[in-house]
Amino acid sequence: MLKHNAPLLFKAGPGAYGEIRKRGFSPERIGTIAGASGGPKWLVLSQLDRVVITHILPRLTGPVHLAGSSIGAWRFVCYAQASPLDALNRFEEAYIEQDYSAKPTAGEITRKSREILTTVLGEHGASDIVTHPFIRTHILAVRCGRLTSSEFRPLLASGLLAAACANAVSRRTLGFFFRRGLFYDPRDLPPFYNATGFPLERVILTRRNVEDAIVASGSIPMMLTGVRDIDGAPPGIYRDGGVLDYHLDLPLADPDRLTLYPHFFEQLIPGWFDKRLRWRRVNSVHTDRTVLVCPSPGFIARLPRGRIPDRTDFVLMPREDRIRIWRSIIAACGELADDLNEVLEMNRLPERLQPL
């Protein structure tokens with residue numbers, strides 16, 4: 001029976017839906033956890049991240065793949081540290097308190113991102129990530145082609161406009177502008193190791209390149225500067241993984257495992273340029289074994305300002321108001337954590353599950 005006015009929605013692809021409805025759900029079945037791009041939207045998930053860290057991660061049997069682009073990758077480098085809850089707390093606090101000049105440049109925003117990452121990783125974070133006993137962290141970025149490599153804003157804007165126009169015709173045309181960069185843990189290859197659709201460049205994630213890979217994965221074009229010549233990767237400029245993999249239209253799950261996908265909304269959008277293309281959908285084969293957990297529209301409507309945080313908050317609100325509202329939203333999202341805990345502890349996922 002579906003719970004009316006519940007804070008969370010639980011949706012699953014056909015394979016996961018049939019299996020869970022028939023046999024029930026056990027966290028030990030999770031083989032991948034997915035994290036999408038979305039900037040400040042992640043704050044609506046921070047309470048759910050705490051539940052995953054405290055109640056799900058300890059029950060997982062490895063290897064478990066973390067697949068993240070942009071802010072999803074930032075969340076997951078908290079998961080993969082020796083003290084993940086402490087890392088998440090550092091990330092949340094540093095993210096909320098970030099401060100800029102009245103008209104920040106891309107260089108200023110990039111420097112602040114580096115500062116936040118230094119806080120998140122601490123002294124041993126990079127080593128923790130690449131040596132974790134059962135978590136395998138995989139970070140998605142893009143390597144830019146000639147038309148999208150420049151930091152000269154008019155040239156970059158022209159390249160992005162050309163990419164957006166081409167993408168409206170066919171998503172595959174983005175391969176002329178960007179190459180998918182997969183920074184992967186080589187100890188166990190992820191289900192998306194041979195992902196198709198775009199030129200793919202695989203780079204082993206190491207202690208030396210993990211910081212650059214994380215920054216690159218969240219380097220929004222025109223807002224942050226790209227990361228040049230990452231250690232171990234083909235030379236070039238690397239930018240936000242959400243350009244191609246906004247909500248991870250990838251084969252995320254092994255055939256006998258499930259993908260857990262805590263997400264901001266119930267909709268999945270393939271790439272950054274697809275946000276206004278209502279006809280563009282993710283490949284249903286890729287979500288067959290996905291369990292998506294997201295705030296319900298009713299819950300979102302009850303939040304301060306009736307929406308979840310986004311990048312416009314930096315522009316539309318004074319810093320003090322933004323911080324106050326973001327903190328109130330995070331506090332309100334304790335209701336999401338309570339709902340997820342109840343579903344897990346009372347084994348209610350089969351009755352709450354809806355088709356994705």
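FYI, it's all coordinate maths here, none of it is from the lab. Keep in mind it's a predicted model, so treat the numbers as computed, not measured. Using ideal geometry, Cβ is built from the backbone for each residue, glycine included, and neighbour counts are taken over all protein chains shown.
Laid out as a table, the results:
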| item | result |
| --- | --- |
| Sorted by Cβ density within 10 Å, fewest first, the residues Leu336, Leu88, Leu60, Leu161 | Leu161, Leu60, Leu88, Leu336 |
| Length gained when the stretch Asp99-Ser158 is fully extended (0.36 nm per residue, less Cα-Cα span) | 18.3 nm |
| Amide H partners (placed H, <5 Å) of Arg228, local residues excluded | Tyr238 |
| Rounded to whole Hz, the Karplus (6.51, -1.76, 1.60) HN-Hα couplings of the range 239-245, x for glycine and proline | 10, 3, x, x, 3, 9, 10 |
| Sorted by Cβ density within 10 Å, fewest first, the residues Ser127, Ser70, Ser219, Ser101 | Ser101, Ser127, Ser219, Ser70 |
| Quarter of Cα convex hull surface for the range 8-355, i.e. mean projection, nm² | 15.9 nm² |
| DSSP-defined beta bridges in the chain - what % are antiparallel, rounded to 5 | 40 percent |
| Inter-part distance where the range 261-298 and the range 176-196 are each reduced to a Cα centre, Å | 20 Å |
| GNM result for the chain, Cα springs below 10 Å: residue of Ser170, Ser217, Ser150 fluctuating most strongly | Ser170 |
| Expected 222 nm ellipticity per residue - DSSP helices of 4 or more, -39500 (n - 2.57), all of the chain, to 500 | -10500 deg cm²/dmol |
| Tensor-based shape of the range 143-236 (alpha-carbon gyration tensor, a/c under 1.5 rounded, otherwise prolate or oblate) | oblate |
| Placed amide H near Ala12: partners under 5 Å, 5+ positions off or other chain | Leu292, Gln354, Leu356 |
| Separation of the Ser170 and Arg146 label points, Cα + 7 Å toward Cβ, nm | 2.1 nm |
| In nm, spacing of pseudo-spin labels at Asp256 and Thr206 (7 Å Cα→C-beta vector) | 3.4 nm |
| Cα centroid of the range 69-140 to Cα centroid of the range 1-53, whole Å | 23 Å |
| Segment Thr54-Ala82, length gained on full extension (0.36 nm per residue, minus Cα span) | 8.8 nm |
| The chain: most fluctuating residue of Gly13, Gly24, Gly334 per GNM, C-alpha cutoff 10 Å | Gly24 |
| Spin-label model distance (nm) - Asn347 vs Ala332, 7 Å beyond Cα toward Cβ | 3.5 nm |
| Cβ-based exposure ranking for Tyr17, Tyr79, Tyr261, Tyr100, in which fewest neighbours within 10 Å come first | Tyr100, Tyr17, Tyr79, Tyr261 |
| Under-5 Å amide H pairs with His263, H placed in peptide plane, nonlocal only | Val293, Cys294 |
| Gain on full stretching of the segment that runs from Glu266 to Thr312 - 0.36 nm per residue minus C-alpha separation | 14.4 nm |
| FRET E, pair Arg23, Phe134, Förster distance 25 Å, beta-carbon r, rounded to 0.05 | 0.60 |
